[in-house]
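> For reference, the structure I am asking about is given below.
All of the numbers you see were taken from the coordinates with simple rules; none came from a lab. On a predicted model such as this, the values are computed, not experimentally measured, just so you know. Cβ sites come from the backbone with ideal geometry, for glycine too, and all protein chains shown count toward neighbours.
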Amino acid sequence: MEANMEDLFEALRERMLGDIEAQSEVIGAPLGTRGLSDRVMAAMARVPRHQFVAEEVRPFAYIDQPLPIGFGKTISEPFLVALMTHLLEPDAAHRVLEVGTGCGYHAAILAELAGEVYTVESVPELAAQSASRLARLGYGNIAVRMGNGRLGWPEHAPFDRIVVTAASDLIPSSLLEQLKPDGRMVIPSGIPGQQQLLLVKRARAGDLSIREVLEVSVGELEEDAGPAGTS
């Protein structure tokens, strides 16, 4: 029975990949390409999204929509995860910071592509659950911390890449300070109903450029998570 379920999930994952490819072609102009990178799509194919949600919603794990993960939080829709990862362009030499671990799914995608992933979650229960889940799934290159994601993770800065999974009115200055020259940050920004996914690049000389990619609708980055915790 378990083998049959895994076969079903694999088939649903293949369908999810097709949906992602179709959407990426539709928004090709903002991306500057007709599709997402092969490396990102391969990572999306490898990570079992159903392992990151509660059993009662697993039948919906590969539908392109957010799903509840408790504590008023959701796992982002697969297309948004793939798009943000594509814009980030992570590779095996990179140290990546993720702000907003949630259930750990996006961290797992990043870990398939980057050398080191440091991820910060403000909800203690989610941080603990994600750390346990990611370890069980064999992701030894991910470190999880409970704390205020706006503060980043200074002890491991600077980072080659930073991804923020919730929207902030302004890009937190502490995160910009932790971004390396030649680095990239992907972050949703704006108030509810007027959010834009931004691609931030820091030039080798230190100058910043910001490009709006497309409109999004995500949760807001919490203001009052308290100081960063310990890993």
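> Take the chain, connect every pair of alpha-carbon atoms lying under 10 Å apart with a spring to form a Gaussian network, then pick out the residue of Ile69, Ile162, Ile20 with the largest mean-square fluctuation.
Of Ile69, Ile162, Ile20, the most mobile in the Gaussian network model is Ile69.
> Sort largest first and round to whole Å: the equivalent ellipsoid semi-axes of the range 25-94, each the square root of five times a Cα gyration tensor eigenvalue. Don't jump to the answer; show the numbers that get you there.
Details: eigenvalues 120, 40, 26 Å².
Taking √(5λ) for each Cα gyration eigenvalue gives 25, 14, 11 Å.
> Something else: Dividing the alpha-carbon radius of gyration of the range 2-216 by 2.2 N^0.38 Å (N being the number of residues), what value is obtained? Walk me through the numbers before you get to the answer.
Details: Rg = 16.4 Å, N = 215, 2.2 N^0.38 = 16.9 Å.
That ratio works out to 0.97.
> Among the GluC sites (Glu not before Pro) within the range 129-231, which fall in a DSSP loop and have no more than 14 other Cβ atoms within 10 Å of their own Cβ?
Glu223
> Let me ask another. Order of Asp64, Asp169 from fewest to most other C-beta atoms within 10 Å?
Details: Asp64 16, Asp169 12.
Listing Asp64, Asp169 from fewest to most nearby Cβ atoms yields Asp169, Asp64.
> Moving on. Filter the trypsin sites (Lys or Arg not before Pro) in the range 1-100 down to the DSSP loop ones having no more than 16 other Cβ atoms within 10 Å, then list what survives. Kindly include the intermediate steps, with their values, before the conclusion.
Working: sites: Arg13, Arg15, Arg34, Arg39, Arg46, Arg49, Lys73, Arg95; in loops: Arg34.
Answer in residue order: Arg34.
> Count the DSSP beta bridges whose two residues both fall in the chain, then state the antiparallel fraction as a percent rounded to the nearest 5.
Details: 17 of 37 bridges.
Here the share of antiparallel DSSP bridges comes out near 45 percent.
> OK, next. With every atom except the alpha carbons ignored, what do you get for Rg and Dmax of the range 125-170, in angstroms?
12.3, 36
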